[in-house]
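Colleague: Please find one structure pasted underneath; my questions will follow.
The values are calculated or read from the model by the stated rules, or taken from the named source; none is laboratory data. Keep in mind it's a predicted model, so treat the numbers as computed, not measured. Here the Cβ positions follow ideal geometry from the backbone for every residue, glycine too, while neighbour counts run over all protein chains shown.
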């Protein structure tokens, strides 16, 4: 998905991510609470005992709420952190520094890059984090590429953290899939989310967004509605062990530890004929 399209989508101001707003700060506090609990998981024992700094790479980071919250939690445990927040939207990355103002144990940098291309970075992180329920931006073909890239650059005992929701149960059973969804933006405008199609080759639902009042503008988006089981299973193909940690009523953390490094991005370089036909 293009940088401009994502920028327009998140510019609708539906999801809090700005450190200068009360909603953004509340979400950051919530993220810290989640990570404080998650750090008790057995997968993190090896990393938390490291004598040198822990390296974190956040993908689809936006303003860095997830990565900076995790870094703050590790800092509270007297661990130095090197954090790289990545996204394809440079304008949001610039806000990340505000989440760690006053920090002494966190070294921060930001980079504009697509998550499926992180194997091109020089970083060799101990943790790769995808926070903020970002998996719908990836269809299955893209998710495999992301997981391959993650596995190849993570350290030998590295951990992948993906925040996930069971959309199959929530969207298709509890609330039912709807052609039209409306709601309020953070600045009290009304947004409309309209079903406009489905692509069986990539498995994505096509929906169009608009906000009123305001100049007429339609933003087309594609989403793959992942469930927890699928993300965990895909992760297992690339990591020796996988666990699922429930958080709250319907969200989860999917954890992968010890990357297998068997299937690497160069193995997936050729575009499958199915996708070429789809174009």
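Colleague: Residue under question is residue 277, and the condition is that it be over 20 Å from residue 134 (Cα atoms) and either part of a helix (DSSP H, G or I) or under 18 Å from the mean Cα position of the chain (by Cα) (or both); does it hold?
Modeller: Values: over 20 Å from residue 134 (Cα atoms): yes; either part of a helix (DSSP H, G or I) or under 18 Å from the mean Cα position of the chain (by Cα) (or both): yes.
When the stated conditions are applied, residue 277 passes them.
Colleague: Give the residues of the range 6-41 that are touching a residue at least 60 places away in the same chain (Cβ under 8 Å), in contact with a helix residue (DSSP H, G or I) (Cβ under 7 Å, 6 or more places away or on another chain) and within 14 Å of residue 163 (Cα to Cα), sorted by residue number.
Modeller: Passing the criteria: only 31.
Colleague: Of the conditions (1) at pLDDT 95 or above; (2) touching a helix residue (DSSP H, G or I) at 6+ places or on another chain (Cβ under 8 Å), residue 1 fails just one. Which one is it?
Modeller: (1)
Colleague: For the range 5-42, which positions are assigned to a helix (DSSP H, G or I), over 18 Å from the mean Cα position of the chain (by Cα) and surrounded by fewer than 14 Cβ atoms within 10 Å (Cβ to Cβ)?
Modeller: Hits for the range 5-42 are 22, 23, 26, 37, 42.
Colleague: Moving on to the next point. Name the residues in the range 211-247 that are more than 25 Å from residue 154 (Cα to Cα) and in a loop (DSSP other than H, G, I, E, B), would you?
Modeller: Quick first cut of the range 211-247, residues more than 25 Å from residue 154 (Cα to Cα) only: 211-225.
Listed by number, the residues that qualify are 213, 214, 215, 216, 217, 218, 224, 225.
Colleague: For residues that are in a helix (DSSP H, G or I) and in contact with a helix residue (DSSP H, G or I) (Cβ under 7 Å, 6 or more places away or on another chain), scanning just the range 67-91, find the one that is surrounded by the fewest Cβ atoms within 10 Å (Cβ to Cβ).
Modeller: Looking at the filtered set, the residue picked out is 91.
Colleague: Another question, if that's okay. Taking the residues in the range 248-274 that are under 22 Å from the mean Cα position of the chain (by Cα) and in a loop (DSSP other than H, G, I, E, B) as candidates, determine which candidate is farthest from residue 128 (Cα to Cα).
Modeller: Taking the range 248-274 and keeping what is under 22 Å from the mean Cα position of the chain (by Cα), we get 248-261, 263-265, 268.
Among the residues that remain, those that are also in a loop (DSSP other than H, G, I, E, B) are: 248-250, 260-261, 263-264.
Numbers: 248: 22, 249: 24, 250: 22, 260: 15, 261: 15, 263: 18, 264: 16 Å.
This residue is 249.
Colleague: Here are 81, 73, 85: which of them is within 20 Å of the chain's Cα centre (by Cα) and closer than 26 Å to residue 14 by Cβ?
Modeller: After ruling out the rest, the residue left standing is 85.
Colleague: Applying the selection to the range 181-210, what residues are surrounded by 14 or more Cβ atoms within 10 Å (Cβ to Cβ), touching a residue at least 60 places away in the same chain (Cβ under 8 Å) and in a strand (DSSP E or B)?
Modeller: 191, 204, 209
Colleague: Can you find, within the range 45-60, the residue that is farthest from residue 74 (Cα to Cα) among those that are out of contact with any strand residue (DSSP E or B) (no Cβ under 7 Å at 6 or more places or on another chain) and surrounded by 14 or more Cβ atoms within 10 Å (Cβ to Cβ)?
Modeller: The residue in question is 46.
Colleague: Looking at (1) closer than 30 Å to residue 13 by Cα; (2) in the same structural domain as residue 128 (by TED's automatic domain parsing); (3) in contact with a strand residue (DSSP E or B) (Cβ under 6 Å, 6 or more places away or on another chain), which is the one condition that is false for residue 182?
Modeller: Every listed condition holds for residue 182 apart from (2).
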